[in-house]
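J.: Provided herewith is a single structure, encoded as structure tokens, for subsequent inquiry.
The values are calculated or read from the model by the stated rules, or taken from the named source; none is laboratory data. All values reported here derive from a predicted model rather than from experimental measurement. Please note: Cβ atoms are built from the backbone with ideal geometry, for glycine as well, and neighbour counts cover all protein chains shown.
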Amino acid sequence: MSKKCNLKVKIFLILLFVGIILISPFFNLKKDNTDFLKNGISAEFIEAGFIPTSVIITVCGNGVLDTGEICDDGSNNGDYSYSTEDKFCNTSCDGWASYCGDGTVQSDYGEECDDGNNASGDGCSASCQEEGGGGGGGGGGVFIPPAVSTKVIIKGKAYPLSSITLLQDGKVATTITADSQANFTAEITDLTSGIYTFSIWALDKQGRRSITFSFTTNVAKDMTTTVNGIFLPPTIELSKTSLQRGEIFNILGQSVPESDISISINSPEIIKNVQAETDGTWFYAFDTALLEEGSHAARAKATSPEGLLSTFSQTLAFNIGKEIVGVIKKADTNKDGRINLVDFSILLYNWGVPKNSSADLNSDGQVNLVDFSIMLYWWTG
Amino acid sequence: MENYDSKFKNIILFLIIGFALLPTTTFAAVLYLESDGGEYQPGDVFIVEMKIDNENEYINTVEANLSFSQDILQVVDFSKGSSILALWVGEPEINQESGLISFVGGIPGGYGGKISGDPGVSNLLGKVVFKMKGFTEDNSLQIGRVDFLESSQVLLNDGKGTLAKLTAKGIIFEIAQFEPTQIPKNEWQEQLSKDKIPPEPFVVEVRKNEALFEGRYFLIFSTTDKQTGLDYFEVSESREGEENWKRGESPYLLEDQDLESVIKVKAIDEAGNERVVEITPPKPSVIEEKKISSWWILILIILIISVAFWIFKKFKKGKKKYFYKTPLS
């Protein structure tokens, strides 16, 4: 009898499990990478950020040797040269364009040989023509102007193998993946010149999202604008948000491998330091006995092994002994896991006295500038 | 010695009080105006740029309200070209009679200020194109003003919508006190004639959501123009190939709720350059926001339980057959 019962139970459980898996996409029962969009967060401790000084812009093609460039010959970038002495910079400003004497035969430019120098009498002339036995005349190649385009390259650090979303004026431009050391490079081509706001956010290995880092810059025509030194702050998560005094809970997240994580807990401010592992993960077991009862918040910043300093992560609230107050409503008004133009449309439609309370993000009975600002902060594109 | 100690204490006290009374530095955003010149003759058309200095703090929303001398200045146009504001709440409002201009816009992700190495100006909010009106009757020197009103606001990118401390700087123009000796200049026309580039590429989406238009189908679209600025959108819905353009803005309620029309959206910039995006609406079932009717979920659950029960019954029958095949001892 017991065997029969066990079998029935097993079959039922298997089918129930399969059923749950099948319907879970509709209920979003699996871990939701965008939980932060749907949950309220205590507004008390959030602050506006600032651009770290590590971020710099260089423009290849402006004729100015910027930090990180090897050369920059302006509009001559990429041009072929007939001698080593007069060689020009390439279009990325990280090396030289083709020239006679670079050791590579450029037949497109009329070279018959290239022995790596501009000396004659060694079998290959100074102008890269074969010598002896009726060798050909000089040069005569077809000049091929280098392809020029308006381009933006964005480089920085996120989390190892993280998925990174790049926005251009609020819309998704591209998604890339960081390498195992958390380095990333994103490239956008075919732009018109002008002023753009680019935004970056990343998902770590556990699906936690970083803050959105934005910057505004001019993009010059027919030049490559490179933005270097971006360092996304660590992701952060709290193992519990409602605690009793004396309880220990984990503050954890991910950053650049082996970076130094500085965790700031308010208030009053307590700083704890921990080093990230080789995969960038970090955690700290915090004893709430150090704090009084009430509302508190935690955030973290990182110092990379190279000495780059990030700004602060998201600020997460927790309470000791009482409930969190002042929760700001989810900005994802249509609950699709993104905050973008659709949510903005809902906001616009409900501007003033809302017909639908989902657009009233701070629950003050109006949809106005404040709700607009809150939505822009959480924007994902 | 006592005198010395007393003097020393007084000095220290003085220094402490002195430092306490020193004005503390308070970071604030600054709205300000710039133009190429300060003196114009009647008929001149010139551009005033509205800019922001965020004082190293991330901001994401600006409501700018301005006043201008409506008896001296006439607003010709408003340009969003090169603006850092990617999203606008409605169109800028201009009231010539009252001499008022207002607009609201935002930057998704926030604006953090100029980055080291940025080759150009990147803090522009918008441009107002003014025309200097004629002289007054007594031909006296006249001064026109454009100022930000105290009702202007800038909000921080802090997730709370906190107001930034704000200061604002206006601008003054003088009308030249002599008869015009040359053809009035037109800075705006110069920019318009140079602009041959259409607005940026964009996508158009058909959506449906209970929170808008009582759940009817609507379009969303957005773009910018990096030169003279986006002017307006037009939308055409047609079933038989003919275009039927109407001015519209996002979100745009579709007339054809059966989704059988070809939809086109045209973005036009201030110089008249156009970019058209055409879409054929997908089947209605594809557009539904990512939500499955709860009825279908219930049906699915019932189905799974039914299958489980059926399998169990089959198994039980099979077991019974096996049982009775075994001879009773």
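J.: Could you check, for segment A:250-263, whether at least one of its residues is at pLDDT 95 or above, closer than 13 Å to A:L316 by Cβ, crowded, with 18+ Cβ neighbours inside 10 Å and over 22 Å from the mean Cα position of the chain (by Cα)?
T.: The answer is yes, given that some residue of segment A:250-263 is at pLDDT 95 or above, closer than 13 Å to A:L316 by Cβ, crowded, with 18+ Cβ neighbours inside 10 Å and over 22 Å from the mean Cα position of the chain (by Cα).
J.: For A:T380, only one of the following conditions fails: (1) in contact with a Lys or Arg (Cβ under 6 Å, 6 or more places away or on another chain); (2) within 14 Å of B:A211 (Cβ to Cβ); (3) of a type outside the set (A, V, I, L, M, F, W, C). What is its number?
T.: (2)
J.: Looking at (1) in contact with a Pro (Cβ under 6 Å, 6 or more places away or on another chain); (2) under 28 Å from A:D115 (Cα atoms), can you tell me which one A:N77 breaks?
T.: If we test A:N77 against (1) in contact with a Pro (Cβ under 6 Å, 6 or more places away or on another chain); (2) under 28 Å from A:D115 (Cα atoms), just (1) comes out false.
J.: B:E39: more than 15 Å from B:F148 (Cβ to Cβ) and either among the hydroxyl-bearing types (S, T, Y) or in contact (Cβ under 8 Å) with a residue 60 or more places away in the chain (or both), yes or no?
T.: Here the answer is yes, as B:E39 does meet what is asked.
J.: Quick check, is A:G352 surrounded by fewer than 17 Cβ atoms within 10 Å (Cβ to Cβ) and either more than 13 Å from chain B (Cβ to nearest Cβ) or within 21 Å of B:V62 (Cα to Cα) (or both)?
T.: So A:G352 fits the description; yes.
J.: Report the residue count in segment B:205-219 for those that are β-branched (V, I, T) and crowded, with 22+ Cβ neighbours inside 10 Å.
T.: The qualifying residues number 0.
J.: Still on this model: Can you tell me which residue in segment B:54-96 is surrounded by the most Cβ atoms within 10 Å (Cβ to Cβ), limited to those that are more than 14 Å from chain A (Cβ to nearest Cβ) and of a type in the set (F, W, Y)?
T.: Ranking the candidates gives B:F68 first.
J.: For the subset of segment A:334-350 comprising residues that are of a type in the set (A, V, I, L, M), part of a helix (DSSP H, G or I) and under 26 Å from the mean Cα position of the chain (by Cα), which member is farthest from B:F218 (Cα to Cα)?
T.: A:L341
J.: Something else about it: Please find, within segment A:355-380, the residue that is nearest to the other protein chains (Cβ to nearest Cβ) out of those that are without any contact (Cβ under 8 Å) to a residue 12 or more places away in the chain and small (G, A, S).
T.: The residue in question is A:S373.
J.: Checking B:E190 against (1) assigned to a loop (DSSP other than H, G, I, E, B); (2) assigned by TED's automatic domain parsing to the domain that holds B:G90, which single condition isn't satisfied?
T.: Every condition holds for B:E190 apart from (1).
J.: Looking at (1) more than 7 Å from chain A (Cβ to nearest Cβ); (2) within 16 Å of the chain's Cα centre (by Cα); (3) at positive phi, which is the one condition that is false for B:S102?
T.: (3)
J.: Which condition number does B:V129 fail, the rest of (1) away from chain A (no Cβ under 14 Å); (2) modelled with pLDDT of 95 or more; (3) surrounded by fewer than 20 Cβ atoms within 10 Å (Cβ to Cβ) being met?
T.: (3)
J.: Right, next: Of all strands (runs of 3 or more DSSP E) completely enclosed by segment A:168-208, which ones contain at least 3 residues that are surrounded by 21 or more Cβ atoms within 10 Å (Cβ to Cβ)?
T.: A:194-203
J.: Residues in segment B:223-264 that are closer than 14 Å to B:T280 by Cα and touching a residue at least 40 places away in the same chain (Cβ under 8 Å): how many?
T.: 4
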